[in-house]
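Worksheet: the structure to be examined is printed underneath.
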Amino acid sequence: MELENQELLSLVVPVYNVEKYLDRCVQSLLNQAYKNIEIILVDDGAKDSSGRMCDEYAAKYPQIRAIHQENGGLGAARNTGVKAAVGGYIAFVDSDDWVKPDMYSRLMAEALAHPDADMVKSGYCEANDQEEYSQTLFPGAAYQEITGKENLCRYYAKESPWTVAWNTVYRQDLAKKVEYPSRIYHEDDYASFFYLYFSRKCIIINEPFYCYYSNPNSIVRDQRNLAREKRDKIEVLRRLHEYASKQEILKRSGMVRKLQHMWAKAYYHCIRDDMEYDCISRKVLKKVYHCLDLRRSLLLRYMIRRRKIKIL
């Protein structure tokens, strides 16, 4: 693909306390076969040297911009980056991850060949400190085209790789239409629902171009944050259910009912795994019981009695 025919692609990279990994990420973006890119590094109030590193990259490379803000979390940093982006297409990269050299040339080739496609997605691989890789791909063919709101939304319930934000190139108008929630885990789950709902067509290139680093020190993996993470999952699904309940196309497709069942399962897992969970409202509990299968419903009743969880 000739440079003059390339649409500008904006790569939004939230940065927070990643001085050990940031250079690996940035270099993988600079080494992309697709050259017409801008890299927006959003320093989300980093406390280590990664904020300073953003300025150094911006001074050295004309395609890099650095933005600094007070800490607001991953969602807030992505929102800031999207607002600043000027490319016709936008993608997200987490700053402790990296991408293979041909990722954006492959995804952008499909995006430009199909102007009615609002998203082009790929699979991804996962790496830990021992550099052991596992692949996560979409079920089905190596190349797929999926169209229609109702059809696309049903894939949301299948979760990863449908509900991660960083394996996708988005048309600018779609990316700027969706706002991430701030200071809440599972922001990808929230935004991905709207990406699917607002899209006309999604193309899948079923190869693992994106490399997700399974950081053992990641905030999501910190045991102290697991309880909050599970409660935030409940809140995200509650918000999505509330929105979907007002959309006729989603009510007809059964997505509203599916979201309610996902919400109930999230409640079940939260109570099961969070030993500090000590109370639940009777109204909520009734809805949870109604949506759970018999086995989980019986187990939940047993856990509530055994742990003497208060029903308010």
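The values are calculated or read from the model by the stated rules, or taken from the named source; none is laboratory data. The model shown is predicted, which means the values in this text are computed figures rather than measured ones. Note: ideal-geometry Cβ built from the backbone for every residue, glycine included; neighbour counts use all protein chains shown.
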Residue hits (the stretch 253-267; free of Cβ contacts under 8 Å to residues at least 40 places away in the same chain, charged (D, E, K, R) and more than 15 Å from Ser297 (Cα to Cα)) are Arg257
Within the stretch 182-196, the count of residues that are over 15 Å from Val164 (Cβ atoms) and at pLDDT 95 or above comes to 0
Glu179 passes all but one of the listed conditions (1) within 21 Å of Val99 (Cα to Cα); (2) at pLDDT 90 or above; the exception is number (1)
query: Given the structure, is Glu242 in a helix (DSSP H, G or I), among the acidic types (Asp, Glu) and not assigned by TED's automatic domain parsing to the domain that holds Leu74?
result: yes
Checking Ala91, Ala84 in turn, the sole residue that is within 17 Å of Lys176 (Cβ to Cβ), in contact with a Phe, Trp or Tyr (Cβ under 9 Å, 6 or more places away or on another chain), small (Gly, Ala, Ser) and modelled with pLDDT of 95 or more turns out to be Ala91
For the stretch 104-159, the count of residues that are out of contact with any strand residue (DSSP E or B) (no Cβ under 9 Å at 6 or more places or on another chain), within 18 Å of Ala191 (Cα to Cα) and not hydroxyl-bearing (Ser, Thr, Tyr) equals 8
Looking for something in contact with an Asp or Glu (Cβ under 8 Å, 6 or more places away or on another chain) and over 14 Å from Asp94 (Cβ atoms) - is there at least one such residue anywhere in the stretch 23-31? no
Evaluate the stretch 215-228: report whether one residue or more is on the phi < 0 side of the Ramachandran plot, at pLDDT 95 or above, under 19 Å from the mean Cα position of the chain (by Cα) and not in a loop (DSSP other than H, G, I, E, B).
no
Does Glu235 satisfy being part of a helix (DSSP H, G or I), modelled with pLDDT of 95 or more, over 17 Å from the mean Cα position of the chain (by Cα) and among the acidic types (Asp, Glu)?
no
Among helices (runs of 4 or more DSSP H) completely within the stretch 116-202, the ones holding 1 or more residues that are surrounded by fewer than 21 Cβ atoms within 10 Å (Cβ to Cβ) and touching a Gly at 6+ places or on another chain (Cβ under 6 Å) are 172-175
